[in-house]
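See structure below.
The values are calculated or read from the model by the stated rules, or taken from the named source; none is laboratory data. All values derive from a computational prediction rather than experimental measurement. Cβ placement follows ideal geometry from the backbone for every residue including glycine, while neighbour counts extend to all protein chains displayed. Note: accessible area is taken over every heavy atom of the protein model, side chains too, but ligands, DNA and RNA are not part of it. Shrake-Rupley method; radii C 1.70, N 1.55, O 1.52, S 1.80 Å.
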Amino acid sequence: LDSWIQALNLSEVSYQDYQRIGNWDYSILPKQQDETLGVQVTGEDSQRGFILYSRPAHELIFPYSKPRSRVTEVQVSAALGEYKPVSIGIWNMNGASSFRFSATPLTNSASGEQIPPENVEFRSTVMLPQLQSERGVYFRFPAALERNTETTLPSGESGQFWLTMHVPASTTPGTYTSNLTVFRSGGGTATVPVILTVLPFQLDEAAV
């Protein structure tokens with residue numbers, strides 16, 4: 001993060017009453033916004049320490065984002081040769097924690113054929129400090145996707161994992177299933193099935 005701050009020329013930035021302390025002390029920063037929680041927290045949620053949710057790949061997940069609904073499974077479709085992203089949000093409930101995720105191979109339920117593991121890429125969202133001068137506040141913006149399977153979240157904040165699947169052109173059309181599991185430091189886990197329908201055609205190249 002320090003290298004990003006230096007690259008963005010933010011090392012000596014201050015604004016109004018919010019002075020830079022050390023390497024961006026987020027505890028002094030005002031909240032950018034606060035979303036309403038759309039689900040009821042259960043005892044199982046509290047024991048696990050987090051809730052998983054899903055949003056469209058084009059919709060940003062901020063630190064202040066909260067689940068609108070639970071994700072029980074993710075269903076997507078892709079043409080032959082297409083790249084398909086899946087976005088999973090994590091709302092951390094109980095204390096600062098580290099999270100990691102993994103996924104089983106995408107497997108055709110009928111034939112047992114698998115999409116090669118090297119065609120599945122794991123990333124996590126990096127929140128970078130931004131200055132919004134018209135509002136007079138700093139905030140953290142989901143500005144980059146880092147190629148790793150781990151992230152650390154403060155209590156009460158959200159993070160985001162990405163799973164990007166590249167369907168080889170030679171793949172047999174059909175339904176492929178993977179189990180995506182999120183692990184919280186301390187023992188809490190949650191698993192979400194990812195169901196990929198491979199369509200029997202390729203997309204045309206975009207006109208330049």
Strands (runs of 3 or more DSSP E) (entirely within the range 30-97) containing at least 1 residues that are open to solvent by less than 50 Å² (accessible area, probe 1.4 Å), farther than 24 Å from residue 146 by Cβ and at pLDDT 95 or above:
74-80
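Tell me, which residue of the range 190-206 that is of a type in the set (Val, Ile, Thr) and more than 27 Å from residue 49 (Cβ to Cβ) is surrounded by the most Cβ atoms within 10 Å (Cβ to Cβ)? Give the derivation first.
Going through the range 190-206, the residues of a type in the set (Val, Ile, Thr) turn out to be 191-192, 194-195, 197-198.
Right, trim to more than 27 Å from residue 49 (Cβ to Cβ) and you get 197-198.
Values: 197: 13, 198: 23.
Here the answer is 198.
Within the range 176-199, how many residues turn out to be modelled with pLDDT of 95 or more, of a type outside the set (D, E, K, R) and in contact with a Gly (Cβ under 9 Å, 6 or more places away or on another chain)?
We begin by selecting, within the range 176-199, every residue modelled with pLDDT of 95 or more; these are 176-184, 189-199.
With the extra rule that they be of a type outside the set (D, E, K, R), the set shrinks to 176-183, 189-199.
Next, only the ones that are in contact with a Gly (Cβ under 9 Å, 6 or more places away or on another chain) stay: 182, 197-198.
Counting residues in the range 176-199 that are modelled with pLDDT of 95 or more, of a type outside the set (D, E, K, R) and in contact with a Gly (Cβ under 9 Å, 6 or more places away or on another chain) gives 3.
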Quick one: how many residues across the range 161-189 are open to solvent by 20 Å² or more (accessible area, probe 1.4 Å) and either assigned to a strand (DSSP E or B) or acidic (Asp, Glu) (or both)?
11
Among the residues of the range 98-110, count how many are modelled with pLDDT of 95 or more and over 15 Å from the mean Cα position of the chain (by Cα).
5
Odd one out for residue 155, checked against (1) under 18 Å from residue 188 (Cβ atoms); (2) out of contact with any Gly (no Cβ under 6 Å at 6 or more places or on another chain); (3) small (Gly, Ala, Ser); (4) in a loop (DSSP other than H, G, I, E, B)
(2)
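Working only within the range 98-121, note down all residues that are part of a loop (DSSP other than H, G, I, E, B) and exposed (fewer than 13 other Cβ atoms within 10 Å of the Cβ).
Narrowing the range 98-121 to residues part of a loop (DSSP other than H, G, I, E, B): 104-106, 109-113, 115-116.
Listed by number, the residues that qualify are 109, 110, 111, 112, 116.
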